[in-house]
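Engineer: Provided herewith is a single structure, encoded as structure tokens, for subsequent inquiry.
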Amino acid sequence: MDRVHYRIELSDISAHQLSIQLTFMPSSTSHELSLPAWIPGSYMIRNFARHIMQISARDADGALDLTQLDKQRWQLSCRNQTVTVSYLIYANDMSVRAAYLDDEVAILNPACLCLAVSDQTSLPQQLELTRPGFRVTENWRVATALPRCSGTAMLDFGLYQAANYCQLIDSPLLLGHFTLQQFAVDGVPHYLVVSGQNHYDSARLLADTEQLCLAQRAVFGGLPDDLSHYWFLLWITENGYGGLEHQDSTLLLCSRHDLPAPQLKAPDEAYQTLLGLISHEYFHTWWVKRLKPAPFHAYQLAQEQYTPQLWLYEGFTSYFDDLALVKSGRISQSAYLTALEQLVTRVTRNPSDSRQSLADSSFNAWTKYYLQDENAPNSIVSYYAKGALVALAVEAELQAAGTNLSAFCRDFYQQYLATGTADQSFCQALAAQGFTALANQVTDWVNRAQPLPLAESFAKLGLTLSWRSPQHFDDTHGNNEQAAPASLGCSLKPQNGGLTVQQLYLDSAAHQAGLMAGDQLLALAGYKVTEKSLPQLLKRLPYGSVQPLTIFRKDRLLTLSLTLQAAKAQVAMLSVADQNKVTSWLTSALSS
């Protein structure tokens, strides 16, 4: 046997259980079996092996010794004959990173299912999907970018084969009832899969997806040379969101209400978010799946792999995703500027904007960005969001110099694709093209915890950035003529008939009063606090006045002194100062 074979059976839908048989011919007297601890594209240790419920090994002569070495590795003693390892996996993770099984759909990420065999990961890896015998799975089909073996019809259960283990774990599968539509980009077939039965405008989703692909293709001047097909796997749930990029596909999770309604005229917020997700993951086809941080050219999936460059790979992707929406005509200029206002507000209102650098945020994604707690606004910068603003600032400088970020990224991609040295080369490439001052500025923006000069950047793009006070904590964009209420400086959630502090901003009125995350607000100025009454109280009580704030902290009743402060002007507003500059930016930024 010159390959490794995996047989996956949907053994118990009600219990979310998968039965897997791993078969291979040993090449030595012992082999190490292991599962990745994380999946490429999602930088957090997930310990997939914890979902293995039982495991054993045997060959034709009987049971084999299988000794667990740590949380994700086993040592297998072998004889000179074919080995079969049988194990049971619990599949109930409703995310794009792991495995899930119910009566509607099966989501299979081989990274969390297929044990790697030491010294055999470079061999072909064959995946056999057995057709379930359950009545609810009648007429189920299979959608995946994983190549089919001869004899397996498209969308059918049967044999699939990857060239090696790396390709195997980079090829998610969606099983169940789904709709399938198709379009081509440069002759390369693109498949759009939507799980379940949904009421939506399928023709619009297909057309919009195709236009986004064309817009992102224009950034790089063509599809990757090794791309022969591409699959959008949309897993539809009642409430979910997420996406993960792969070499020839993406697995996306969204609510069925994010799909475009048949009567929808312009994209609503939910559908615009879905289009942004599609655009984001498709951009990764070039920018992460081909051009990637140097450490990722050989993934080490047993442990963390550190890079200070996620701001470049995820942040720039986050800039180009919504830009493709306006460039392709999916959304209006006004809708795009609203999205920018929200982005700027989310980044700049957090104290973390001046407390953590983008390089540090990238490097510590494993333990900070992906493991956020109630202190996150004070300590963690999003390398997605602020990285996108760095991209916008670079765009502004390049536009002022008569070029654009799209052209620069295209050259950068083509120059460094094969070298694996791009980590340290983005600013070097800027300098090499005559933008030495900009290269130095980007280095400073990324390595120091500091606000970006956004007003200057927007001015070079033809926009004026101004600020107003928020009407409520989630107020993030647009004009508002009403007088701002006093601000507590914390986020609240309804709980047990009152309001509980979720996140507390440093140096806010709430912080200065001594509030803590987890405190439950009961009364302010002698009046009961509810979700409805608090905004009204904050509008009526005078700025600067000191008011009693009654709370529960765990099981203790306390009264704090709250000095009411005017809400800070921290909601971004963008207005057009020079439409010609705006038009030049939004029509050239993605052009070839």
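The values are calculated or read from the model by the stated rules, or taken from the named source; none is laboratory data. Since we're looking at a predicted model, the values are computed, not measured. All Cβ positions, glycine included, derive from the backbone under ideal geometry; neighbour counts span all protein chains shown. SASA here: full protein model, heavy atoms, side chains in, ligands and nucleic acids out. Shrake-Rupley method; radii C 1.70, N 1.55, O 1.52, S 1.80 Å.
Engineer: Of Lys292/Lys581; Lys265/Lys289; Lys386/Lys460; Lys368/Lys528; Lys460/Lys493, which sit over 29 Å apart, Cα to Cα?
Structural biologist: Check vs 29 Å cut-off fails for Lys292/Lys581; Lys265/Lys289; Lys368/Lys528; Lys460/Lys493.
Engineer: Hey, another quick one. How much solvent-accessible surface does Ser202 expose, in Å² to the nearest 10, with a 1.4 Å probe and all protein chains in place?
Structural biologist: Approximately 40 Å² for this residue.
Engineer: Can you give the calculated 222 nm mean residue ellipticity of the chain, where each DSSP H run of n ≥ 4 adds -39,500 (n - 2.57) and the sum is split over every residue, rounded to the nearest 500 deg cm²/dmol?
Structural biologist: -7500 deg cm²/dmol
Engineer: To continue, here is another question. Run the 1.4 Å probe and let me know the accessible area of Glu32, rounded to the nearest 10 Å².
Structural biologist: 50
Engineer: In what sequence, largest accessible area first, do Thr587, Thr209, Thr530 appear using a 1.4 Å probe?
Structural biologist: Numbers: Thr587 80, Thr209 0, Thr530 40 Å².
Output order, biggest surface exposure first: Thr587, Thr530, Thr209.
Engineer: Could you calculate the FRET efficiency of Ser466 with Ser255 from 1/(1 + (r/R0)^6), where r is the beta carbon distance between them and R0 is 45 Å, rounded to 0.05?
Structural biologist: Efficiency, from the Cβ-Cβ distance: 0.85.
Engineer: Would you mind calculating the relative contact order of the chain from Cα pairs under 8 angstrom and at least 6 residues apart, reporting the percent as a whole number?
Structural biologist: 10 percent.
Engineer: Expressed as cubic angstrom per residue, what is the convex hull volume of the alpha carbon set of the chain?
Structural biologist: Looking at the chain, the number lands at 173 Å³ per residue.
Engineer: Can you classify region 389-462 as rounded, prolate or oblate using the Cα gyration tensor, where a ≥ b ≥ c are the square roots of its eigenvalues, rounded means a/c under 1.5, and otherwise it's prolate if a/b beats b/c and oblate if not?
Structural biologist: Values: a/c = 2.16, a/b = 1.40, b/c = 1.54.
Because a/c hits 1.5 or more and a/b fails to exceed b/c, region 389-462 counts as oblate.
Engineer: If you take every DSSP beta bridge whose two residues both sit in the chain, what share of them, in percent to the nearest 5, is antiparallel?
Structural biologist: 85
Engineer: Tell me, what HN-Hα J-couplings in whole Hz come from the Karplus equation 6.51 cos²θ - 1.76 cosθ + 1.60 at θ = phi - 60° for each residue of region 185-201, using x for Gly and Pro?
Structural biologist: Along region 185-201, the couplings run 10, 6, x, 8, x, 10, 10, 10, 10, 10, 6, x, 10, 9, 9, 7, 8 Hz.
Engineer: Residue by residue through region 377-387, which ³J(HN,Hα) values in whole Hz follow from phi under the Karplus form 6.51 cos²θ - 1.76 cosθ + 1.60 (θ = phi - 60°), with glycine and proline marked x?
Structural biologist: x, 8, 9, 10, 8, 7, 6, 5, 6, 6, x
Engineer: Separate question: When the label point is put 7 Å from the Cα of Asn139 along its Cα-to-beta-carbon vector, which residues of region 86-118 have a backbone N closer than 19 Å?
Structural biologist: Answer for this model: 102-106.
Engineer: Among rounded, prolate and oblate, which fits region 288-371 when a ≥ b ≥ c are the square roots of the eigenvalues of its C-alpha gyration tensor, a/c under 1.5 means rounded, and a/b larger than b/c means prolate?
Structural biologist: Oblate, because a/c is 1.5 or more while a/b does not exceed b/c.
Engineer: Label-point separation (nm) for Asn496 and Asn47, each offset 7 Å from Cα along Cα-to-Cβ?
Structural biologist: Using points 7 Å along Cα→Cβ, the separation is 3.0 nm.
Engineer: Which angle between 0 and 90 degrees, to the nearest 10, do you get for helix 316-327 versus the longest principal axis of the chain when only C-alpha atoms count?
Structural biologist: Compared with the principal axis, the helix lies near 80 degrees.
Engineer: For Gln547, list long-range residues whose amide hydrogen, built 1.01 Å from N in the peptide plane, is under 5 Å from its own amide hydrogen.
Structural biologist: So Gln547 has HN proximity to Leu562, Thr563, Leu564.
Engineer: Rounded if a/c is under 1.5, else prolate if a/b beats b/c, else oblate: with a ≥ b ≥ c from the C-alpha gyration tensor eigenvalues square-rooted, which is region 317-463?
Structural biologist: Oblate, since a/c reaches 1.5 and b/c is not below a/b.
Engineer: Sum up the charges of everything whose Cβ sits under 13 Å from the Cβ of Thr137, counting Lys and Arg as +1 and Asp and Glu as -1, but leave Thr137 out.
Structural biologist: Around Thr137, the surrounding residues sum to -3.
Engineer: Given R₀ = 51 Å, what would the calculated FRET efficiency be for Arg58 paired with Phe552, taking r from the Cβ atoms and rounding to 0.05?
Structural biologist: Using R0 = 51 Å, I get an efficiency of 0.30.
Engineer: Can you send over the solvent-accessible area of Met25, 1.4 Å probe, protein chains only, in Å² to the nearest 10?
Structural biologist: Result for Met25: roughly 50 Å² accessible.
Engineer: Quick one: with all protein chains in place, what share of the accessible area of the chain is carbon or sulfur, to the nearest percent (1.4 Å probe)?
Structural biologist: 47
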